[in-house]
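Visitor: To start, I am sharing the structure in question, which I have written as structure tokens.
The values are calculated or read from the model by the stated rules, or taken from the named source; none is laboratory data. None of the values given here were measured: they were computed from a predicted structure. In this analysis, Cβ positions are derived from the backbone assuming ideal geometry, glycine residues included, and neighbour counts consider all displayed protein chains.
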Amino acid sequence: MRCISCGEVMRLVQTVSDQSMMVSGYEHRTYECLACHEVERRLTFTTAPSEPEPPPAVAASVQPAVPPEPPPPSAWALAQEKVQARQADLRSRAELARQRAAAEQFHRAWDALLPPRTAKPARPAAKPTLRLRRAPIAPPPDET
């Protein structure tokens with residue numbers, strides 16, 4: 001039986017048969033927690049009378065339960081973790097590819113709504129012009 005307060009194992013300290021019932025076999029059992037020393041009393045039905053458990057040999061040196069360190073992961077557990085990580089990466093890549101494809105499809109549909117572009121007519125090539133250098137104009141002669 002486990003303690004309700006701390007969850008540690010409880011030991012049977014006292015057993016008293018109950019004579020108030022018309023049917024025999026009921027007992028009042030007193031349990032004590034080995035860790036927090038909580039005491040509980042329960043009424044139970046048994047077919048054979050029970051005796052209290054002997055006290056533990058070293059009751060004073062009972063230490064609080066420390067959970068043991070988990071064992072190092074096995075090669076199989078490491079392989080499973082690696083496969084799961086790889087699958088998660090592949091799923092995220094596939095989702096990204098689906099999103100890109102949907103965006104590309106949207107852009108193609110959007111561009112189809114616009115009229116097709118036509119090339120601007122090219123300007124006719126300008127005719128080459130000859131530039132003649134003009135001689136400087138001389139000022140009119142003075143007539144004085």
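Visitor: Tally up the residues in segment 9-26 that are closer than 14 Å to GLU40 by Cβ and among the small types (Gly, Ala, Ser), please.
Guide: Number satisfying all stated conditions: 0.
Visitor: So is LEU113 at pLDDT below 75 and loosely packed, with under 10 Cβ neighbours inside 10 Å or not? Break it down into steps so the answer makes sense when it comes.
Guide: Values: at pLDDT below 75: no; loosely packed, with under 10 Cβ neighbours inside 10 Å: yes.
Answer is no for this residue.
Visitor: Which number in (1) at pLDDT 75 or above; (2) within 30 Å of ILE4 (Cα to Cα) marks the one condition that GLU81 misses?
Guide: Tallying (1) at pLDDT 75 or above; (2) within 30 Å of ILE4 (Cα to Cα), GLU81 fails exactly one: (2).
Visitor: Further question on the same structure: When both residues are 6+ apart or on different chains and their Cβ atoms are under 6 Å apart, which pairs have a first residue that lies in segment 18-46 and is on the phi < 0 side of the Ramachandran plot, and a second that is in a strand (DSSP E or B) and of a type in the set (Gly, Ala, Ser)?
Guide: Taking only residues 6 or more apart or on different chains, the pairs are GLU27/SER17.
Visitor: Something else: Filter segment 13-49 down to the residues that are surrounded by 13 or more Cβ atoms within 10 Å (Cβ to Cβ) and in contact with a Phe, Trp or Tyr (Cβ under 6 Å, 6 or more places away or on another chain), then identify the one that is nearest to PRO67 (Cα to Cα).
Guide: Once the filter is applied, the top-ranked residue is GLU40.
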